[in-house]
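Right, one structure below, let's go through it.
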Amino acid sequence: MSLRVACVGGGPGGLFFATLLKRNDPSIEVTVFERNRAEDAFGFGVVFSDATLRAINEADDVLHRGLAEHGRHWDEIAVLSKGEKRAFRGNGMAAIHRRTLLPLLHARAEEVGVDLRFASNVPSLEELSDYDVIVGADGANSIVRRTVESELGHSVEEADAKFIWFGTDHMFDGLTFVHRRSEFGNFAAHAYPISDEVSTFIVETDAETWKRAGLDEFDVTQPPGVSDEKTQRFVAELFAEDIDHGSIIVNNSRWANFRTRRSETWHSGNIVLLGDAVHTAHFSVGSGTKMAMEDAIVLARELTADHPDLSAAFEAYEAERVPAVRKIQDSARGGLSWWENFGLYHENMDPTQFAFHFFSRSIGIDRIAPRDPELVETVRSEWASEHGGSAALDSSVRLGGTELSGRLLRDAGSALVCGDDEVPVSDIAGCGQTTGTVIGTDAVLRLQPPSDVRRESPETIAAGTPAGSTVYVIGGDSLDRVRVSEELRFRRGATTVLRIDPGDRLDPETVILSGRADAVVVGGETDD
């Protein structure tokens with residue numbers, strides 16, 4: 001007997017899944033329930049990297065054809081800061097408007113025999129009890145997930161930063177990050193073209209700046225579709241020069257805090273989830289639709305594979321997709337942290353270092369160089385011109401009262417060593433999130449795992465550290481150490497030494513060139 005499959009949610013992930021499943025096995029009855037009308041499309045564009053497109057295009061060429069006929073492609077990521085532009089080439093990407101993509105996916109699904117039911121709200125899964133499989137593809141606020149949430153081991157982490165999704169009729173050349181300082185604080189925008197007439201324009205700021213600007217006055221009880229027009233006017237004025245005095249376009253545009261969702265398992269009984277319904281990663285890595293469509297490929301394949309039962313198919317689906325999604329979420333942590341603190345970086349860095357700090361938030365200089373050797377040469381040259389011609393790791397640095405000939409140090413237990421130079425350290429086995437022992441008159445700071453210092457704690461630590469101190473930051477995880485090091489450097493004028501432990505995705509040269517620390521120790525003592 002053929003399967004009867006109900007897919008709740010008709011976004012790109014759900015539609016792609018339904019199409020692939022029906023195409024893989026035409027005997028399967030596949031019905032998509034979408035609460036919006038066929039002509040509705042909330043949001044603006046979706047973006048894909050060239051590497052992502054290969055896997056999706058191999059599964060079905062509907063997206064490839066849509067991008068070729070209606071999309072925009074680019075190779076460069078640009079950062080605009082303090083009136084200057086810095087670019088990172090070798091990053092092939094493409095984008096398309098959701099209003100264009102969704103009808104293409106509708107047509108493809110109908111072509112293979114999927115039953116599409118629009119304006120069909122599913123208030124309770126009991127209404128789908130006669131289906132063999134229920135697929136939750138209904139987004140971050142998933143009704144399907146909420147029904148079985150306690151069984152999934154689901155967790156949510158809400159970011160501090162505020163964001164709002166707009167469009168603009170100004171045509172950006174490619175993925176562009178724009179930064180503006182207002183009288184209330186710092187604002188930034190992610191912008192990229194999605195058609196010949198419209199660019200996506202996502203604006204972010206911190207919660208304090210958002211409140212000072214009076215942008216917290218929108219009535220959040222308004223029904224979906226109503227946009228925040230006060231913010232629309234504010235953004236149009238603030239970024240007027242960047243959008244060539246063009247228009248800011250609304251589409252259900254209202255402020256929110258990004259929520260990272262994780263689940264220990266993605267299925268319960270005959271219910272299985274994909275995309276934002278079960279996992280999210282910050283949009284700065286451009287991954288929401290991509291991950292949903294990649295989930296769709298694997299789930300459709302496993303449901304038509306030779307498995308003994310549904311549970312085995314779901315487990316095979318998770319075995320492939322869970323590690324891949326976790327890798328993206330881990331990578332997105334650095335991007336999310338960057339956007340929560342971009343104002344601090346913007347205020348304290350010149351345009352080149354600021355841009356390089358952004359470009360290297362998830363990858364090191366070794367991965368940037370093959371894509372854009374000119375960018376790397378510029379970053380290294382500007383460093384050398386400011387440090388007597390020396391490369392980053394060979395530049396001298398003063399720790400306490402001692403001048404060291406380089407910035408790549410070794411922890412010798414009783415001292416930090418660089419060549420024949422050393423800085424005495426008495427006993428670095430201190431405990432707690434307080435100063436432990438000393439480098440001269442300064443501190444070794446050990447972060448105790450598990451630690452959560454990515455928000456209030458870095459500022460608290462910085463405020464409690466004497467101005468001009470030298471601090472050796474160890475313990476915790478690598479993102480914790482980096483954030484504390486940056487707070488100490490930029491808020492207290494401290495000189496920081498950052499330890500890089502085995503397994504950390506940190507590169508010594510990248511850390512120094514990007515301003516994350518003044519010196520690094522690789523392979524220090526373990527946290528016994």
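The values are calculated or read from the model by the stated rules, or taken from the named source; none is laboratory data. Just so it is clear, the model here is predicted, and its values are computed rather than measured. Cβ coordinates were reconstructed from backbone atoms using ideal geometry, including for glycine residues, and neighbour counts include every protein chain displayed. Calculation scope for accessible area: heavy atoms of the full protein, side chains included, ligands and nucleic acids excluded. Shrake-Rupley method; radii C 1.70, N 1.55, O 1.52, S 1.80 Å.
Simple spin-label model, 7 Å along Cα-to-Cβ: Arg89 to Glu237 in nm?
4.0
Please give the direction-averaged projected area of the C-alpha convex hull for segment 302-433, in square nanometres with one decimal.
14.6
For segment 1-92, take N as its residue count and report Rg(C-alpha) divided by 2.2 N^0.38 Å.
Cα Rg divided by the expected 2.2 N^0.38 Å: 1.47.
Can you give me the solvent accessible area of Trp266 with a 1.4 Å probe, rounded to the nearest 10 Å²?
Accessible surface of Trp266 is approximately 10 Å².
Note down the Stokes-Einstein diffusion coefficient of segment 179-222 in µm²/s, whole number, using a Kirkwood radius over alpha carbon pairs, 25 °C, and 0.890 mPa s.
For the chosen part, D equals 203 µm²/s.
What FRET efficiency do you get for Ser49 and Ser396 if R0 is 30 Å and r is their Cβ-Cβ distance, rounded to the nearest 0.05?
Approximately 0.15, to the nearest 0.05.
At a Förster distance of 25 Å, what's the computed FRET efficiency of Glu151 paired with Leu3, Cβ-Cβ distance as r, to 0.05?
Once rounded, the FRET efficiency stands at 0.70.
For an R0 of 41 angstrom, estimate the FRET efficiency from the Cβ-Cβ distance between Asp173 and Asp420 and round to the nearest 0.05.
The formula returns an efficiency of 0.20 here.
Note down the magnitude of the dipole of the chain about its Cα centre, charges +1 on Lys and Arg C-beta and -1 on Asp and Glu C-beta and zero elsewhere, to the nearest 20 debye.
Computed charge dipole of the chain: roughly 520 debye.
List, largest first, the extents of the alpha carbons of segment 121-243 along their principal axes, each in whole Å.
In descending order, the Cα extents are 57, 36, 26 Å.
Under 26 Å Cα-Cα from Lys85, which lysines qualify once same-chain neighbours fewer than 8 residues away are excluded?
By straight Cα distance, Lys85 reaches Lys162.
Could you work out the helix-only [θ] at 222 nm for the chain, with each DSSP H run of four or more residues adding -39,500 (n - 2.57) and the total divided by the number of residues, to the nearest 500 deg cm²/dmol?
Rounded to the nearest 500, the figure is -10500 deg cm²/dmol.
Give the Rg (one decimal place) followed by the Dmax (whole number) of the chain, computed from C-alpha coordinates and expressed in Å.
In Å, with Rg to one decimal and Dmax whole: 25.1, 80.
Can you list the aspartates and glutamates whose alpha carbon sits under 15 Å from that of Lys327, skipping same-chain ones fewer than 8 residues off?
The qualifying aspartates and glutamates are Glu264, Glu294, Asp295, Glu318, Asp504.
For Glu459 and Glu158, compute 0.36 nm times the residue count separating them, minus their Cα-Cα distance, and round to one decimal in nm.
Net length gain for the segment: 106.5 nm.
Just grab the label-to-label distance for Arg117 and Ile363, each label 7 Å out from Cα along the Cβ direction, in nm (one decimal).
4.4
Choose one of Leu80, Gly288, Ser331: the residue whose Cα lies farthest towards the positive end of the charge dipole of the chain (beta-carbon charges +1 Lys, Arg; -1 Asp, Glu; about the Cα centre).
Among Leu80, Gly288, Ser331, the one farthest towards the positive end of the dipole of the chain is Leu80.
Please state the relative contact order of the chain as a whole percent: Cα pairs under 8 Å, 6+ residues apart?
13
Just to be sure I understand the model, the point goes 7 Å from the Cα along the line to the Cβ. What's the resulting Arg259 to Asp244 distance in nm?
Simple spin-label model gives 3.9 nm for this pair.
Consider a paramagnetic label point 7 Å from the Cα of Ser311 along Cα→Cβ; state which residues of segment 137-161 have an amide N under 15 Å from it.
none
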